[in-house]
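Trainee: Have a look at this one.
The values are calculated or read from the model by the stated rules, or taken from the named source; none is laboratory data. For clarity, every value in this text was computed on a predicted model and none was experimentally measured. Every residue, glycine as well, gets a Cβ built from its backbone with ideal geometry; the counts of neighbours run over all protein chains shown.
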């Protein structure tokens, strides 16, 4: 969690931690915060997207699923800026009616290593980001170029949810980013940009999120 908080702070934001155990009223979030970061974590319950669990699926407490799905839907319906990371991307997709690949090694042909259970370190690989996407703009990318990222996940987006479009993939086809086309700022990424807080490679993503949050605050304040 430290890297998430530091990334928001360095981008000029003031982070506030909120989770399912806080008893927060999701409906009032737009009155109390100016943007949301959905963080990484365990697997979304497959029943929430109409699938039976794979043997490798490790779901989180149901309260977290309910809370984060409600938050994602609120952000997407209200225009509240949303940056969804790793599990957060998967929550965002399920919130829009999308589905997930539950086990990349067995479901994706010729898959890269996206998670190594023998080490806590991440698995680096390149991704291709769509030119002209909001994500490309956040990262200052002018044309197509492979971007190195870190990876530690065994699940990924399968079918994108309603209103979402794929804007980045790994070389094996695994979805690495989604954007909500009709939203001022709703981006989900499968890798962990917060882990680069010290070197700043992906600071533009957090800076753009904080800027979108500032715009939201100005509109809300009238």
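Trainee: Mind listing whichever residues of segment 36-65 are touching a helix residue (DSSP H, G or I) at 6+ places or on another chain (Cβ under 7 Å), farther than 18 Å from residue 190 by Cβ and surrounded by fewer than 19 Cβ atoms within 10 Å (Cβ to Cβ)?
Mentor: 48, 52, 53, 63
Trainee: Filter the helices (runs of 4 or more DSSP H) completely within segment 1-93 down to those with at least 3 residues that are at pLDDT 95 or above. If you could, list the steps in order and put the result at the bottom.
Mentor: Details: elements: 2-10, 29-32, 62-78.
In segment 1-93, the matching helices (runs of 4 or more DSSP H) lie at 2-10, 62-78.
Trainee: Based on what the data block shows, is residue 197 at pLDDT below 95, touching a helix residue (DSSP H, G or I) at 6+ places or on another chain (Cβ under 8 Å) and under 22 Å from residue 9 (Cβ atoms)?
Mentor: Numbers: at pLDDT below 95: yes; touching a helix residue (DSSP H, G or I) at 6+ places or on another chain (Cβ under 8 Å): yes; under 22 Å from residue 9 (Cβ atoms): yes.
It is true that residue 197 is at pLDDT below 95, touching a helix residue (DSSP H, G or I) at 6+ places or on another chain (Cβ under 8 Å) and under 22 Å from residue 9 (Cβ atoms).
Trainee: From 140, 132, which residue is in contact (Cβ under 8 Å) with a residue 60 or more places away in the chain and outside any helix (DSSP H, G or I)?
Mentor: Checking each option against the conditions leaves just 140.
Trainee: Give 190, 155 a once-over and let me know the one that is under 19 Å from residue 4 (Cα atoms), modelled with pLDDT of 95 or more and touching a strand residue (DSSP E or B) at 6+ places or on another chain (Cβ under 6 Å).
Mentor: Working: 155 fails: under 19 Å from residue 4 (Cα atoms).
The conditions single out 190.
Trainee: Being in contact with a strand residue (DSSP E or B) (Cβ under 8 Å, 6 or more places away or on another chain) and closer than 14 Å to residue 186 by Cβ is the filter here; which residues of segment 69-89 pass it?
Mentor: Scanning segment 69-89 gives 71, 72, 75, 76, 80, 81, 82, 83, 84, 85, 88, 89.
Trainee: Of the residues 26, 60, only one is touching a residue at least 12 places away in the same chain (Cβ under 8 Å) and more than 18 Å from the chain's Cα centre (by Cα); which?
Mentor: Details: 60 fails: more than 18 Å from the chain's Cα centre (by Cα).
Within the list 26, 60, the selection yields 26.
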